Structures are given as C-alpha cells and as structure tokens.
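One structure below.
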Amino acid sequence: MVDDTVPQGYLDAATPVLVIMGVSGCGKTTMNEHLGSKLGWDMAEADDFHPQANIDKMAHGVPLTDQDRWPWLDSIHNWIADHIRRGVPGTVTCSALKRIYRDRLRMPGVVFIHLSGDYDSIMERLSKRQGHFMKPQMLRSQFDTLEPLGPDEVHLTIDVGLRMSPEIEAEEVIDTLGLQCDVKAHAVQVHTERARQVARQ
C-alpha cells in the first residue's frame, strides 16, 4: 500500500462502491475480478460504458477528447449512483485520470483504488496484451494526462511495481477497508507479503 486517505469509519454508514482506476495496462480488470469474486459484489467494466464511436477512435489510435469522455463518465456515474441508492455495493473500473473526471464519480461511499506504476513496467505489461483496443503507443498520453489524487479524494494507492500477486493486492484492499469476506485462507500470504514489502523499504 502506498497511500491511504480513507477516513476512519468512512464506510460505516455508506454503501461502498470501489472505483478501480489507473492507466491502461495497470491491472484494473484483474483487480475487479478478484474483488468481485471475494466480496460477491456487483461488478462493471468501464469499457462496457463506452459508445461505439469512442471504441472506434481508440482502435485507430486516436485519443479521446473530454467531449468524448463526458457521456461515458455520466454512464458510470449513473451506475454508481443507482447502486448507492439501492444499497447494493459494487466495483467498477475506470481510468479516471483527471481530477475533473473523478469529481464526476465522487459521492459518499466511493473509494478510488489507484493501481499505480511507472511507465516502463506498465508498458511491458500492456505490450503483452492481446485483443484490447488500447494501443501501447497511447500509454504515454495517458501518463501525461494522469493527475495525482489529492488528500481530499478518498482513495487507496497500490504500487503494481512491487509485483504482489493480483490476489494479494485485492486482499490488501479488502483488509485495509475492513470489508466483509472470508480471506482467512490467505492471511499467511498477506502477512508474508507485507513483511517482504517492509524489508524492501
């Protein structure tokens, strides 16, 4: 864990929705799958909210403009708001690179889970992916766009460069937020990984 700004008791009286964010290739979908599986919550993928015109642009290596992104962000906002209104917890991926994008998604119960890493390590991972419409050469523009989260933005930041397994990363999120699920079988691995990270510092 690199950064934790979640206030004590933040989720005590709120329906949690975790927004898994970061540049393309950082592992958002994998984290989403692990959290959804362990928590039994509703899951959604940001890619599924894009209109076809956005997908076509990205497939041709054309970066999206803010005008392209607002309807997409509005759809994700509505998904989050609906789950909070109904009291149904969930997880959703979204790059959420700019603060103004995150502001559109912020509401009581939302926690941003930022999967952070340096350009080279994420480019290496992204270049190995198949069948995804995000082109590796577009990664630089994503890093250029990424705005660091402020202390007033409720978030956890995980450094994917530490090379924890995705399962351990998910359990760190669950444990840090005090969420209810059975992770006892992996408690030893979590403690071992934390000791390894402390030894690296």
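General observations
- Taken over the range 102-128, the residue count meeting the criterion of being touching a strand residue (DSSP E or B) at 6+ places or on another chain (Cβ under 7 Å) and open to solvent by 10 Å² or more (accessible area, probe 1.4 Å) is 3.
- Residue within the range 111-124 that is touching a Pro at 6+ places or on another chain (Cβ under 7 Å), modelled with pLDDT of 95 or more, under 16 Å from HIS155 (Cα atoms) and not in a helix (DSSP H, G or I) present: yes
- Some residue of the range 168-178 being at pLDDT below 75 and open to solvent by 70 Å² or more (accessible area, probe 1.4 Å): no
- Restricted to the range 85-96, and to residues there that are at pLDDT 95 or above and either under 27 Å from PHE143 (Cα atoms) or in contact with a His (Cβ under 9 Å, 6 or more places away or on another chain) (or both), the residue that is most open to solvent (accessible area, probe 1.4 Å) is PRO89.
- Criterion: modelled with pLDDT under 95 and more than 17 Å from the chain's Cα centre (by Cα) - qualifying residue of ASP47, ASP82, ASP66: ASP66
- Among the residues of the range 1-41, those identified as modelled with pLDDT of 90 or more, under 17 Å from SER165 (Cα atoms) and polar (S, T, N, Q) are THR29, THR30, ASN32.
- The set of residues from the range 6-53 being surrounded by fewer than 19 Cβ atoms within 10 Å (Cβ to Cβ), over 14 Å from VAL173 (Cβ atoms) and polar (S, T, N, Q) comprises GLN8, THR15, THR29, GLN52.
The values are calculated or read from the model by the stated rules, or taken from the named source; none is laboratory data. All values derive from a computational prediction rather than experimental measurement. As a convention, Cβ positions derive from the backbone with ideal geometry for all residues, glycine included, and neighbour counts pool all protein chains shown. The accessibility values were calculated without ligands, DNA or RNA, using every heavy atom of the protein model including side chains. Shrake-Rupley method; radii C 1.70, N 1.55, O 1.52, S 1.80 Å.
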